[in-house]
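A short reminder: the numbers here are calculations on the coordinates, not readings from a lab. Note that the structure is a prediction, hence the values are computed from the model and not measured.
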Amino acid sequence: ENYGNNQNQLDFEYYIAMACGGLLDYDTGEPNEAFVAIAGDKLNEYLKILSDEATNAADAKSNPC
């Protein structure tokens with residue numbers, strides 16, 4: 001399948017991490033219980049993906065908005 005402009009360059013874990021971004025506490029930026037449950041042992045990986053995308057870091061995978 002093609003996922004937007006990145007044409008299969010992103011794995012499914014990337015999309016799970018981005019979806020979990022909606023489960024960060026608005027005030028603290030910390031993951032809530034649902035995020036932690038979904039991420040499991042990939043919590044830090046997901047948080048890094050979200051941070052990279054939010055700051056348009058060199059490791060960001062998507063195009064800036």
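Compactness check for the range 11-55: Cα Rg over 2.2 N^0.38 Å is 1.01.
3J(HN,Hα) couplings calculated from phi for the range 16-30 with the Karplus curve 6.51 cos²θ - 1.76 cosθ + 1.60 (θ = phi - 60°) are, in sequence order, 5, 4, 5, 5, 5, x, x, 9, 8, 4, 4, 7, 9, x, 7 Hz; Gly and Pro show x.
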